[in-house]
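Single-structure report; data block below.
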Amino acid sequence: MSLVINHNLMAMNAARNLSDAYSQLSVSTRRLSSGLRIGTAADDAAGLAIRELMRADIATLNQGVRNANDAISLIQTADGALQIIDEKLIRMKELAEQAATGTYNSDQRMIIDSEYQAMASEITRIALATDFNGIYLLNGNLSSATHDGSGLTPVGRLKIHFGTGNSSAEDYYYIQIGNSTASAFGLGLQAGNSISTQQAAQLSLDMINQAIISKDKIRANLGALQNRLENTISNLQIQSENLQAAESRISDVDVAAEMTEFVREQILTQAAVAMLAQANSLPKLAMQLIGG
């Protein structure tokens, strides 16, 4: 190689190697400081796309767990109210049994019927007042077998969404709760039911039995759905955990391997700096020739 002044090819080569090593050192520093193997699309374009889809699914699954937990809270609210209604129905049957015997006169039966109707009114009040986040649960609004969510206010049974898509087999359940007012059970004055006469009291015993059965069917359906939701939550949490592990393998940096690469690029950078300094001093040899 000729000794020239205008072009220092050795310095240019050393500068290029220094630039490459320093660039890789910068990438390693970014990865180690952030903990991410993929920081930009340039690191791994395909991996970045897969990671972002996985992150979206993980966030969706975690929200699905919260949705399912909210649904369980709603079911427990409805079941608690039905438990109180159960107590009222038991008292109503007790009063009907009392009025069904022949040892009471008409005035006394009217007094018994007064409490009986008060129990029926309380059942209706509970059914109309029980709500969860403004959604009334026992007044018949959720009793329809169909669901329409196209409007601002959904109509019909309640749709609980917890999956990442919109498949009925995998992503949501419906909560359907029958009307639990006294009249819906066929009890109380609105339904033409009283125990003011002995015959009416005797007939009411069977009607109250049917009301208790209807109420128990509602509670049984709610209990079964709560169990399904609890199992669903466990499954969603497992899915989220496994997806998080897969996302980590794609996205997170292997610290041991990257630290090895960091040390290598650091040594190359230091060596390139030293050689660039030496290469920059080589044209000075020409001055010795010029100066004689």
Out of the residues in segment 79-110 meeting the condition of being charged (D, E, K, R) and more than 30 Å from ALA220 (Cβ to Cβ), tell me which one is surrounded by the fewest Cβ atoms within 10 Å (Cβ to Cβ).
ASP107
Residues satisfying the stated conditions in segment 24-42, i.e. under 22 Å from GLN244 (Cβ atoms), surrounded by fewer than 18 Cβ atoms within 10 Å (Cβ to Cβ) and aliphatic (A, V, I, L, M)
LEU32, LEU36, ALA41
Against the conditions (1) crowded, with 17+ Cβ neighbours inside 10 Å; (2) over 30 Å from GLN63 (Cα atoms), where does THR164 fall short? Just the number, please.
(2)
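Please indicate, with yes or no, whether at least one residue in segment 207-227 is more than 30 Å from ALA100 (Cβ to Cβ), touching a residue at least 24 places away in the same chain (Cβ under 8 Å) and surrounded by fewer than 16 Cβ atoms within 10 Å (Cβ to Cβ).
Yes: one or more hits.
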Please count how many residues of segment 167-206 are in a helix (DSSP H, G or I) and either surrounded by 21 or more Cβ atoms within 10 Å (Cβ to Cβ) or basic (Lys, Arg) (or both).
2
State all residues of segment 11-55 that are over 18 Å from GLN266 (Cα atoms), of a type in the set (D, E, K, R) and either part of a loop (DSSP other than H, G, I, E, B) or assigned by TED's automatic domain parsing to the domain that holds ARG264 (or both); if no residue qualifies, say none.
ARG37, ASP43, ASP44
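Identify, please: which residue in segment 111-162 is outside any loop (DSSP other than H, G, I, E, B) and aromatic (Phe, Trp, Tyr) and is, among those, farthest from ALA200 (Cα to Cα)? Working first, answer last.
Going residue by residue through segment 111-162, those that are outside any loop (DSSP other than H, G, I, E, B) are 111-129, 131-132, 135-136, 147-148, 155-156, 158-161.
Retained after the next criterion (residues that are aromatic (Phe, Trp, Tyr)): 116, 132, 136.
Details: TYR116: 12, PHE132: 37, TYR136: 33 Å.
Here the answer is PHE132.
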Report, by residue number, each residue of segment 60-81 that is within 8 Å of the chain's Cα centre (by Cα) and not polar (S, T, N, Q).
LEU61, GLY64, VAL65, ARG66, ALA68
I'd like the residue in segment 248-270 that is over 28 Å from ALA46 (Cα atoms) and in contact (Cβ under 8 Å) with a residue 24 or more places away in the chain and, out of all such residues, is surrounded by the most Cβ atoms within 10 Å (Cβ to Cβ).
THR269
Matching residues, segment 1-10, being in a helix (DSSP H, G or I) and in contact with a helix residue (DSSP H, G or I) (Cβ under 6 Å, 6 or more places away or on another chain)
MET10
What number goes with the only condition from (1) surrounded by 19 or more Cβ atoms within 10 Å (Cβ to Cβ); (2) modelled with pLDDT under 95 that ALA56 does not pass?
(1)
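The values are calculated or read from the model by the stated rules, or taken from the named source; none is laboratory data. Nothing here was measured: the structure is a model prediction, and the numbers come from that model. Heads up, the Cβs are rebuilt from the backbone with ideal geometry, glycines too, and the neighbour counts pull from every protein chain shown.
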